[in-house]
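The values are calculated or read from the model by the stated rules, or taken from the named source; none is laboratory data. On a predicted model such as this, the values are computed, not experimentally measured, just so you know. Glycine gets a Cβ as well: all are built from the backbone with ideal geometry, and neighbour counts include every protein chain shown. Accessible surface areas use protein heavy atoms only, side chains included; no ligands, DNA or RNA. Shrake-Rupley method; radii C 1.70, N 1.55, O 1.52, S 1.80 Å.
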Amino acid sequence: MVSVVATHGSASRAEAPPLGGAASPALDLSGVSQAFALDGRPLPVLEDVSLSAAPGEFVALLGPSGCGKSTLLRLVAGLDLPVAGDVLVRGKAVTGPDPSRILVFQDPTLFPWRTVFDNVALGLEAQGRLRRDRGQVDEALALVGLGEFAGAYPHQLSGGMAQRVSLARALVNDPDLLLLDEPLGKLDSLTRIAMQAELVKLWQESGFTALLVTHDVEEALILAQRVIVFSDRPARIQAEIRNDLPYPRHRDHPRIVELRREVLTLLGLGES
Amino acid sequence: MSTIALQNETTAPAEDRIRWRPIYAALLAGGIWLALSALAARLPDAAEFGYTNEFAIVAGLIGVALAIGSIGGDRTGPLAARLRSWSPWLILLGSFLFVWELATAKRLWLPMPFFPPPQAIAEVFVDDYARLFDSVWHSAFLLAGGYLIGAAVGFVSGVAIGWSKAVGYWAHPILRFIGPLPATAWLPLAFFIFPTSWSASTFLVALATGFPVTVLTWSGIAGVNKAYYDVARTLGASNRFLILKVAIPAALPHVFVGLFMGLGGSFAVLVVAEMLGVKSGLGWYLQWAQGWAAYANMYAALLVMAIACSGLITLLFRIRDWLLSWQKGLVQW
Ligand SMILES: Nc1ncnc2c1ncn2[C@@H]1O[C@H](COP(=O)(O)OP(=O)(O)OP(=O)(O)O)[C@@H](O)[C@H]1O
Ligand SMILES: [Mg+2]
């Protein structure tokens, strides 16, 4: 395992959690394996993955397409159970979904029969607190810049707008653990940069633990305190890169540029 | 430069053409209805028919209205504009009535008791409206009861079968075995088992409605994208929420296909049940008219039935459009 640590002296984020210091980490996977059946044969997808995240930490997962990143997030969300290993959240084994852990899916999967507002309100409605917390829906919509579209139906949105709605749908629940599966994948580069800044701000304000899957190396380095690089399927942890640069980070910072080259080499794209 | 000039030359007459064609069509329609009126009033009837003059007067009034609407052009207001937009159909209808009037009342080309002239059918509406109205009322009452029961039971059982594996295990073979049987096949048995012919007919209508609604609701629920459940579950949805707020709305387009099929099937069963068992309703009226060789009454009842069935289908389309307004590209009725 390669371990790279980027520290930036005194400017380090003050509340950056010490690795493995907390009594019960926000997230703890140990020896997790997952396999599916494909054409009657077993398809191992995750193999002996162990990782943990401290409360309030921002961790990014990088890896080749199809290696098992979404599978990992489904395990943490409690939508599937692993074939081997333990998934613990705050010291407790995950047995099913819970609104304190919200997954923003790779595909927005908005409900076409609900307006944008009602889609975002889904979690509050399901938990029976929509009446009380209605204002939060409007706030979340404003945050993703879609306040005007509250009454629109999903078929009236662009792909990137739909993705922002699904992000708002997650944020409105004020989760402890936010699982993000390429949440900004369909956005144009300008909106994307703006949303990255929003995400960082939100994370700093609300203090949730974030697990972000992304294809964009730069995005991982801009957002996360720790970047975990997975191997090809079955996914194993190949490298772990710590990045303690202060926020807000700039993509042309020499340290980011350097780390970027490093990660690309790990992913086998060194020279391109 | 030359292209712009060319465009101007070609667009101006095109606009004129679009504006003028409906006016000529309305004028033609008016002429045809006036001709129909003249035919009815001037040519003597070949046999004894009532209401020929009244028929001529109504046709004449329609013809005059069309002529005024066309000559008056844009000054005659929105009603005349609507009328003009229907003028191709009014041309066809007027021509059809003209030929019909000529072939029956005036020349007797068609065998008589079987093909009455248009005024004879109009006469039925004037003279026998009480009985017709009563029949419509009885049919509507029977249909509404049976359809609502069948739709409700079909919907609930469809949801149960689609949602629960255990219910599906028992219901699936039964539906496959008994479902394809036409509801009319149960008719003798139903009239024998049920205490009244009315309850038997309600059961049959409900059966004809319930089967397609059950099957389509079930397939709709079974076909719901599993990702919707994942999303709702991570947001803290209970099973109740998953059924009521995820599965059912997602399946609703299928449910409506079932409701449409059920409505069509229920019309068929209703008419047969009224002919064979219940001594009231439009089906019974049809048979009664045939028994007395009152063919004009039969045509009148068919016309009423067509209007009623089409009205109900339109109503169901409206309800669907209202409930499924989130869907794009709905079929317009
Ligand atoms: N339900 C399933 N049944 C069978 N195979 C599955 C299932 N879900 C995922 N897989 C397989 O598991 C592997 C990993 O899938 P996963 O969606 O986790 O990849 P990923 O790392 O998120 O890829 P990407 O970056 O392209 O989104 C894939 O090869 C996929 O075919
Ligand atoms: Mg994925």
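In the protein assembly as shown, what is the volume of the convex hull around the alpha carbon atoms, normalised per residue and reported in Å³? Intermediate values should be presented prior to the final figure.
Values: hull volume 162.8 nm³, N = 605.
Here the figure is 269 Å³ per residue.
Estimated at 0.36 nm per residue, the fully extended path between B:V167 and B:W86 surpasses their Cα-Cα distance by 23.9 nm.
Distances between every pair of Cα atoms in chain B, grouped in 20 Å steps from 0 to the bin holding the largest one, split as 23, 40, 30, 8, 0 percent.
Averaged over its residues, how many other protein chain Cβ atoms are within 10 Å of peptide B:224-233's Cβ atoms? Mind showing how you got there, number by number?
On the way: counts 0, 4, 1, 5, 4, 1, 8, 17, 7, 9.
The per-residue average across the peptide is 6.
For A:G128, neighbours were defined as the other residues whose beta-carbon sits under 14 Å from its Cβ, and their charges (Lys and Arg +1, Asp and Glu -1) total +4.
Compute and list, largest first, the equivalent-ellipsoid semi-axes of chain A from the alpha carbon gyration tensor, each √(5λ) rounded to a whole angstrom.
Here the semi-axes work out to 28, 23, 19 Å.
Go ahead and estimate [θ] at 222 nm for chain B from helices alone: -39,500 (n - 2.57) per DSSP H run with n ≥ 4, summed, over the residue count, rounded to 500. Don't jump to the answer; show the numbers that get you there.
On the way: 13 runs with 255 residues, N = 333.
The per-residue figure over chain B is -26500 deg cm²/dmol.
Taking both sides together, the accessible area buried where B meets A is about 2000 Å² for a 1.4 Å probe.
Coupling constants for region A:252-269 follow from the phi torsions by the Karplus curve (6.51 cos²θ - 1.76 cosθ + 1.60, θ = phi - 60°), and in residue order they are 9, 4, x, 5, 4, 4, 5, 4, 4, 4, 4, 5, 4, 4, 4, 7, x, 10 Hz; glycine and proline get x.
Over all residues in A:106-115, what is the mean tally of Cβ atoms on other chains that come within 10 Å of each residue's Cβ?
Values: counts 1, 3, 2, 7, 2, 9, 8, 12, 3, 1.
Averaged over the peptide's residues, the number is 5.
For region B:243-296, report the % of Cα-Cα distances exceeding 16 Å. Pairs farther apart than 16 Å: 59 percent.
Find the eigenvalues of the gyration tensor of the Cα atoms of region B:53-206, then list the square roots of 5 times those eigenvalues as equivalent ellipsoid semi-axes, largest first, in whole angstrom. Intermediate results must be reported in sequence, preceding the final value.
Numbers: eigenvalues 484, 121, 48 Å².
Square roots of five times the eigenvalues give 49, 25, 16 Å.
Site pair B:L148 and B:V64 shows an inter-label distance of 4.6 nm when each label is modelled 7 Å from Cα along Cα→Cβ.
Let me know the mean shielding of A:89-101 by other chains, meaning the per-residue number of their Cβ atoms within 10 Å of its Cβ. If you can, show how the numbers build up before the last one.
Details: counts 0, 0, 0, 0, 0, 0, 0, 2, 8, 4, 5, 1, 1.
Rounded to a whole number, the mean comes out at 2.
If the segment from B:L303 to B:R318 were pulled out straight at 0.36 nm per residue, it would be longer than the present Cα-Cα gap by 3.2 nm.
Taken per residue, the accessible surface of region A:107-230 reaches 35 Å², heavy atoms only and a 1.4 Å probe. Take the Cα of B:L43, step 7 Å toward its Cβ, do the same at B:S95, and the gap between the two points is 1.7 nm.
Kirkwood Rh, Cα Rg: Rg to Rh for region A:86-136?
On the way: Rg = 13.7 Å, Rh = 13.0 Å.
The Rg/Rh ratio comes out at 1.05.
In chain A, the calculated helix contribution to ellipticity at 222 nm averages -9000 deg cm²/dmol per residue, counting -39,500 (n - 2.57) for every DSSP H run with n ≥ 4.
Accessible area of region A:110-174 with a 1.4 Å probe: how many percent of it is carbon plus sulfur?
Numbers: 1180 of 2610 Å².
After summing per-atom areas, the C and S share lands at 45 percent.
Placing dummy labels 7 Å off each Cα toward the beta-carbon, the span from B:Y129 to A:R192 is 7.2 nm. Taking Cα atoms only, the orientation of helix B:52-72 departs from the longest principal axis of chain B by about 90 degrees.
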